């Protein structure tokens, strides 16, 4: 991730582990994202491209903390998203006057508690066996949110809808408002995640991922940190689920968080890069936006000339081939591929 | 981290560049009516999506090429692939809601109840009518609260009511329902649970015993449910399953000795795909059909002559011609074309925008004479939509599987809409309260 410098030339200078630079590219990116995009972006870009991309990135981030950093494979990500969505909905509905940020955080906290419970088996089992228990969590949670009408306020079709989106009296219903809400949450949680993985907690997680026996030997309470990873991951997923339901679709039912959504998030982190923060964003862009891009390219170039059914299948084939090609080229994910490309470009054109 | 972010930015810029550099081919002209089609030709539901959209496209093509458009206004359509996933349908809606190349959008066919829910508020804000025949949000029948949602033909409550009314017909009157047992075997999902309130109300009204038996998704194994059916000995079973759970239900019922003639399937359990896998066990099975199967209707004759035989059909496999899903596509296309006719009668012969589209759908009236004229007699029920009533029809025919094809066994059976209306109004009032919507006054709305 970050290159560590040990400056040799500064004799007598205090040892600086990390070179501090003003984070200009990041500042520019944030400025563009917070100011320029809502100002210039039209409904289509905000509603259909950027909001789902950001929410899926956040979900990927949540799963990456568990799978990429702690090494606990999970296919129950969407189940925890559902908990976050239904819990936030319940809080907004049943606690009058609760501000939106607290409802989101509350939904995340309830998801974290549920994640903690489903993380308990990780004390004893790991690998594929643990994966199967998370699969059980996925199906169980989906069932719970269909079976008990209390969770969706006895609506006839089991669907919840965003009650009110306002923050300090500002109405967030317009696309730009919802985009800023999502962007704010994602920025804040990404910043927390970056610091978390650099802290002792993050290093303990990585030690467990690399070899849990060795981690236990050097005194890391492995079980506790695994459960903590489940809780933190579920918190992120819960917030992402609530945002998916309220800020993006404006509605959700248990069906919006089915096993396919779990796989989608798992693919995001596998393709983006396990154990990388930025990888989630690249992975989410690849998984959620590339099919749209292919669809538009297909329509633009070949629409009308080629049979529509063949065209759709062709896009599927291209998408699949790209996934295989990228993973063969770089099993560590797209972010690693981009990093290598960047290193090469630094030396370009004088490679030798 | 910092480096990685910079790279993400570069990647995003590249993707954006590729997107904007696309050649923008003009597919529509400002004097055409643009119709976005959220198709699903790949993915798990492709087998129903392909004939469904083929029906819609064939009819639109027929209107364009044989009738010269709607009063001369040609229809331009474009597909976006959604794989029937809600987020992709929302993306498609956002992509095309402002029309294309100057051609406006008058309505959006959601083709999916979850998507109808997801787009409900967006449609109202953007003033785009959302059309979802025999699906959608039941309470959006109340157009005073939901001006831009049209669950046309037959809502889920209506489907339950038609089912019960048909059973009453077969029993010889509503008074005969008293003391009877009617079991609903349903797919345990929001779709499956949707009719529960309506059936409960009807059970109170007519005095039959209401038994609800859930089948968990996907429903590959239903011994438990049908053993329960055999124990309870219901007089009729209303089958509200979906996908693979329908043929499994029919087969399992046969295994447990429940007579298949006593099972009434719901709208979405009544296509060829639902009965063919059940084999001989399905012979005699009946299902509600707001869009019946069969290729003997007048419109099929015209389409065969003008579209199919000229190689212009969207169907790759002509054996699907006249199948239930194909006919659904035809009926949906006919409804929107008729609505555009109604709108043009007021606004002039030009393409309509979303707001005019709402007016058009609220003044849609298709009577028996018109149905004969467009060749849909018997395939589509007479419709009259208004501001207060966004359903418009509320009837279905019943078709029976004879082992090879669907045979219609009843005329249009009307739902008991007056009994159900208070339920719908209570739910729409709750929605209006939750969203702080002031309902329109339909008496003064034009």
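The values are calculated or read from the model by the stated rules, or taken from the named source; none is laboratory data. The structure displayed is predicted, hence computed values, not measured ones. Glycine gets a Cβ as well: all are built from the backbone with ideal geometry, and neighbour counts include every protein chain shown.
The helices (runs of 4 or more DSSP H) falling completely within segment B:330-436 that include 1 or more residues that are within 30 Å of residue B:203 (Cα to Cα) map to B:417-434. Only one entry of A:327, A:337, A:311, A:322 meets the criterion of being out of contact with any helix residue (DSSP H, G or I) (no Cβ under 6 Å at 6 or more places or on another chain), at the interface with chain B (Cβ under 10 Å from one of its Cβ atoms) and assigned to a helix (DSSP H, G or I), and that entry is A:337. Out of all the residues in segment B:296-305, is one or more outside any loop (DSSP other than H, G, I, E, B), in contact with a strand residue (DSSP E or B) (Cβ under 7 Å, 6 or more places away or on another chain) and away from chain A (no Cβ under 14 Å)? Among the residues of segment B:296-305, at least one is outside any loop (DSSP other than H, G, I, E, B), in contact with a strand residue (DSSP E or B) (Cβ under 7 Å, 6 or more places away or on another chain) and away from chain A (no Cβ under 14 Å), which makes the answer yes. Scanning segment B:396-412 for residues that are closer than 16 Å to residue B:162 by Cα and touching a helix residue (DSSP H, G or I) at 6+ places or on another chain (Cβ under 7 Å) yields B:396, B:398, B:410.
This table checks each residue for (1) away from chain A (no Cβ under 11 Å); (2) in a helix (DSSP H, G or I); (3) modelled with pLDDT of 90 or more; (4) over 18 Å from residue A:292 (Cβ atoms).
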| residue | (1), (2), (3), (4) |
| --- | --- |
| B:13 | no, yes, no, no |
| B:19 | no, yes, no, no |
| B:38 | yes, no, yes, no |
| B:41 | no, no, no, no |
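Okay, residues lined up against (1) closer than 30 Å to residue B:315 by Cα; (2) more than 24 Å from the chain's Cα centre (by Cα); (3) modelled with pLDDT under 90:
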site	(1), (2), (3)
A:305	yes, yes, yes
A:309	yes, yes, yes
A:313	yes, yes, yes
A:316	yes, no, yes
A:319	yes, no, yes
A:326	no, no, yes
A:329	no, no, yes
A:343	no, yes, yes
A:349	no, yes, yes
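Please tell me if residue B:249 is closer than 20 Å to residue B:159 by Cβ and under 25 Å from the mean Cα position of the chain (by Cα). The answer is yes for residue B:249.
Segment B:183-255 holds helices (runs of 4 or more DSSP H) entirely within its bounds, and those carrying 1 or more residues that are in contact with a strand residue (DSSP E or B) (Cβ under 9 Å, 6 or more places away or on another chain), without any contact (Cβ under 8 Å) to a residue 24 or more places away in the chain and farther than 23 Å from residue B:415 by Cβ map to B:223-232.
Taken together, the residues in segment A:146-179 that are touching a residue at least 60 places away in the same chain (Cβ under 8 Å), more than 9 Å from every other protein chain (Cβ to nearest Cβ), touching a strand residue (DSSP E or B) at 6+ places or on another chain (Cβ under 9 Å) and assigned to a helix (DSSP H, G or I) amount to 1. Looking at residue A:275, is it more than 10 Å from chain B (Cβ to nearest Cβ) and surrounded by 19 or more Cβ atoms within 10 Å (Cβ to Cβ)? For residue A:275, the condition - more than 10 Å from chain B (Cβ to nearest Cβ) and surrounded by 19 or more Cβ atoms within 10 Å (Cβ to Cβ) - is met.
Among the residues of segment A:76-95, the one identified as surrounded by fewer than 22 Cβ atoms within 10 Å (Cβ to Cβ) and not in a helix (DSSP H, G or I) is A:95.
Can you give me the number of residues within segment A:245-272 that are in a loop (DSSP other than H, G, I, E, B), surrounded by fewer than 24 Cβ atoms within 10 Å (Cβ to Cβ) and on the phi < 0 side of the Ramachandran plot? Summing the residues that are in a loop (DSSP other than H, G, I, E, B), surrounded by fewer than 24 Cβ atoms within 10 Å (Cβ to Cβ) and on the phi < 0 side of the Ramachandran plot in segment A:245-272 gives 1.
Of the residues making up segment B:80-95, those that are part of a helix (DSSP H, G or I) and within 9 Å of chain A (Cβ to nearest Cβ) are B:86, B:87, B:88, B:90, B:91, B:92, B:93, B:94, B:95. In the set (1) in a helix (DSSP H, G or I); (2) within 15 Å of the chain's Cα centre (by Cα), residue A:33 fails one condition alone, (2). Residue A:295 falls short on exactly one of the conditions (1) within 10 Å of chain B (Cβ to nearest Cβ); (2) without any contact (Cβ under 8 Å) to a residue 60 or more places away in the chain; (3) assigned to a loop (DSSP other than H, G, I, E, B), and that condition is (3).
Is one or more of the residues making up segment A:288-298 under 19 Å from the mean Cα position of the chain (by Cα) and closer than 12 Å to residue A:57 by Cα? Yes; the residues of segment A:288-298 include at least one that is under 19 Å from the mean Cα position of the chain (by Cα) and closer than 12 Å to residue A:57 by Cα.
In the set (1) at pLDDT below 90; (2) within 8 Å of chain B (Cβ to nearest Cβ), the condition left unmet by residue A:285 is number (1).
Criterion first (in contact with a helix residue (DSSP H, G or I) (Cβ under 8 Å, 6 or more places away or on another chain) and at pLDDT below 90) does residue B:321 satisfy it? Criteria not met by residue B:321. When restricted to residues that are surrounded by 18 or more Cβ atoms within 10 Å (Cβ to Cβ) and either without any contact (Cβ under 8 Å) to a residue 60 or more places away in the chain or closer than 22 Å to residue A:26 by Cα (or both), segment A:203-219 contains 3.
A count restricted to segment A:174-208 and to residues that are touching a helix residue (DSSP H, G or I) at 6+ places or on another chain (Cβ under 8 Å) and over 22 Å from residue A:227 (Cα atoms) stands at 11. All of B:365, B:346, B:372 fail the test of being more than 25 Å from residue B:443 (Cβ to Cβ), in contact with a helix residue (DSSP H, G or I) (Cβ under 8 Å, 6 or more places away or on another chain) and surrounded by fewer than 24 Cβ atoms within 10 Å (Cβ to Cβ), apart from B:372.
Across segment B:168-182, the qualifying residues are those that are in a loop (DSSP other than H, G, I, E, B) and out of contact with any strand residue (DSSP E or B) (no Cβ under 9 Å at 6 or more places or on another chain), and the one among them that is surrounded by the most Cβ atoms within 10 Å (Cβ to Cβ) is B:178. Select from segment B:306-326 the residues that are outside any loop (DSSP other than H, G, I, E, B) and out of contact with any strand residue (DSSP E or B) (no Cβ under 9 Å at 6 or more places or on another chain) and write down the one among them that is nearest to the other protein chains (Cβ to nearest Cβ). Looking at residues that are outside any loop (DSSP other than H, G, I, E, B) and out of contact with any strand residue (DSSP E or B) (no Cβ under 9 Å at 6 or more places or on another chain), I get B:320. Would you mention how many residues in segment B:100-151 are at positive phi and within 12 Å of another protein chain (Cβ to nearest Cβ)? Total satisfying the criteria: 1. Taken over segment B:69-79, the criterion of being part of a strand (DSSP E or B) and away from chain A (no Cβ under 14 Å) is satisfied by B:70, B:73, B:75.
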